[in-house]
1. Do you know the Lys pair count in the stretch 171-357 for C-alpha distances under 21 Å, with sequence separation 8 or more or different chains?
2. For the chain, what does -39500 (n - 2.57) per DSSP helix run (n ≥ 4), summed and divided by total residues, give at 222 nm, in deg cm²/dmol to the nearest 500?
3. Per residue, how much accessible area does the stretch 171-357 show when a 1.4 Å probe rolls over the protein heavy atoms, in square angstrom?
4. Anyone know which of 204, 125, 284 comes out most mobile in the 10 Å Cα GNM of the chain?
5. Using a probe of 1.4 angstrom, how much of the accessible area of the stretch 229-375 is carbon and sulfur, in percent?
6. So which trypsin sites (Lys or Arg not before Pro) in the stretch 296-375 are both in a DSSP loop and have at most 13 other Cβ atoms within 10 Å of their Cβ?
7. For the chain, with the dipole built from +1 on Lys and Arg beta-carbon atoms and -1 on Asp and Glu ones, taken about the Cα centre, which of 106, 180, 83 lies farthest toward the positive end?
8. Going through the stretch 27-108, which GluC sites (Glu not before Pro) have at most 16 other Cβ atoms within 10 Å and a DSSP loop state?
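The values are calculated or read from the model by the stated rules, or taken from the named source; none is laboratory data. Since we're looking at a predicted model, the values are computed, not measured. Ideal geometry is used to build each Cβ from the backbone, glycine not excepted, and the neighbour counts take in all protein chains shown. Just the protein is used for accessible areas: all its heavy atoms, side chains included, with ligands, DNA and RNA removed. Shrake-Rupley method; radii C 1.70, N 1.55, O 1.52, S 1.80 Å.
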Amino acid sequence: MAGLAHPGSQTHLFTKLSHQPKKFTPPSRIRMSLQENAPSLAVVGVTGAVGQEFLSVLSDRDFPYRSIKMLASKRSAGKQLTFQDRNYTIEELTEDSFDGVDIALFSAGGSISKHFGPVAVDKGAIVVDNSSAFRMEEGIPLVIPEVNPEAMEGIKVGMGKGALIANPNCSTIICLMAATPLHKHAKVLRMVVSTYQAASGAGAAAMEELELQTREVLEGKPPTCNIFKQQYAFNLFSHNAPILSNGYNEEEMKLVKETRKIWNDMNVKVTATCIRVPVMRAHAESINLQFQQPLDEDTAKDILKSAPGVVVIDDRASNHFPTPLEVSNKDNVAVGRIRHDLSQDGNKGLDIFVCGDQIRKGAALNAIQIAEMLL
């Protein structure tokens, strides 16, 4: 039962975040986070899977703030939410929501970002947007802090004007965390990526549907197919993003275009096949790399071991390599199966296998790391 594991490990991670009381936070930690001279925050889409993870990461990293607005749709407005032992009322997102806000973390979908992102910027907020709305727009930084921090140089809280920074797609972040250190050493000419993407990438409702379908199938009932329109439990299928005229889907083209922008290299050749697998919250990716300069597997392993945000799990003797379960709820991206590509000559090709938590480094953690760079 790949990806399903035992109850309480992966399947229930989101429900723990959203339905159970937050763990007790010691007062000293609250004082560290809640500071008079710190920025004011707004979280847009606070009730979603990534919105909930924003709060979890803010708390884990003791992100300093003087106030925080919890923003969501009209449907969620008025509900209560506990964060770091304080009660907050969720407010409806409106054009007036960003008065006095320094940093706005958005994860409420592209159409919401397109409308409210510029509104927040006009009011002086720095927006970190998790949707695809602005990623490929000229002049808008698309940032993975460990990869291209220079792209957002000069953007700081207190600079007197708003700005917008885009968070890359989850599969791009997880891929480039591993590929970039190797690219900087030997220059990647071509990259072939196959992804095995978790339910969390489609949101909390998809995670709940996978859990529901698994129970239904095991009980011999027909599976409920509201999100994906086909059975997901005990199955896998081509990523549910729309198919384009070139035969690629939108998810695959995000990997192609975003890699070129982040690496600032329009000539790098990238091709991808994206697959949805019945795993709860961590993506896996098989990556084949062709280099300009020779790079042997031992050197590659050493480079990856010292790369920030990367952990190497590569034990051939015991056949132990990265798994989605091992990286779930973890900050680091795990890399393994590091080996010379036998189909390429002269140590100019490598295969690697990468796993990363889609909600965390693939979304919320990356956004909070960007926010930390604004301070």
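1. Taking the Cα cut-off of 21 Å, the pair count is 22.
2. -8500 deg cm²/dmol
3. For the stretch 171-357, the solvent-accessible area averages 43 Å² per residue.
4. For the chain, modelled as a Gaussian network with Cα springs under 10 Å, the answer is 204.
5. Carbon and sulfur together cover 49 percent of it.
6. Answer by residue number: 316.
7. Value: 83.
8. Taking the stretch 27-108 and a limit of 16 other Cβ atoms within 10 Å, the loop GluC sites (Glu not before Pro) found are 36, 95.
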